[in-house]
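The values are calculated or read from the model by the stated rules, or taken from the named source; none is laboratory data. It should be emphasised that the depicted structure is a prediction, and the values quoted were computed from it without experimental measurement. Reconstructed Cβ throughout: ideal geometry from the backbone, glycine too, with neighbour counts over all protein chains shown.
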Amino acid sequence: MTIINFTPWSALLGGAFIGAGALLLLLGAGKIAGISGIIASLGNKSNHADKGWRVAFLVGLLLVPALLFASDAIAVPELAGFSVLKLAAAGLLVGIGTRLGNGCTSGHGICGMGRFSIRSVVATVVFIGAGMATVTLLGLGL
């Protein structure tokens, strides 16, 4: 990303929507919007009554961007230089990391920090620090 294609207002609006969605889920249903936890619980054979909202949440996460993309309402960046294999490997590593860290950036960074969880603050600092270190080591710049 360069300063030329950075869009602070879209980022601010997107962050506000993510925060509002997490808050509504917490206040309305008493549930945490941690994506890795939601996905992991779908594989759990117990508590079938609790799966409906999880499926609806995940369908919304996939459907809304697809509809926006199809309507040309958003610009999708080019992924030049990234192979499908590298993207799949990156996704797999992120999934492994979320299991090891007992949550993902949405669970810890948005919901956990919003609840003043010390564990989530530490996890978020580690996520951000590891990301910065990786970018620095790979020489991609910030």
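Residues in segment 19-78 that are among the charged types (D, E, K, R), part of a helix (DSSP H, G or I) and under 19 Å from residue 98 (Cβ atoms): 54 only.
Given 91, 43, 30, 129, which one is at positive phi and either aromatic (Phe, Trp, Tyr) or loosely packed, with under 11 Cβ neighbours inside 10 Å (or both)? Show your work before the answer.
Numbers: 91 fails: at positive phi; 43 fails: at positive phi; 129 fails: at positive phi.
Being at positive phi and either aromatic (Phe, Trp, Tyr) or loosely packed, with under 11 Cβ neighbours inside 10 Å (or both) holds for just one of 91, 43, 30, 129, which is 30.
Might you check whether a residue that is surrounded by 13 or more Cβ atoms within 10 Å (Cβ to Cβ), under 16 Å from residue 127 (Cα atoms), among the β-branched types (Val, Ile, Thr) and modelled with pLDDT under 85 occurs anywhere in segment 104-111? Yes.
Screening residue 103 against (1) within 14 Å of the chain's Cα centre (by Cα); (2) more than 24 Å from residue 10 (Cβ to Cβ); (3) in a helix (DSSP H, G or I) leaves a single unmet condition, (3). Inside segment 59-98, can you point out the residues that are within 14 Å of the chain's Cα centre (by Cα) and not aliphatic (A, V, I, L, M)? The answer is 60, 65, 91, 95, 97, 98.
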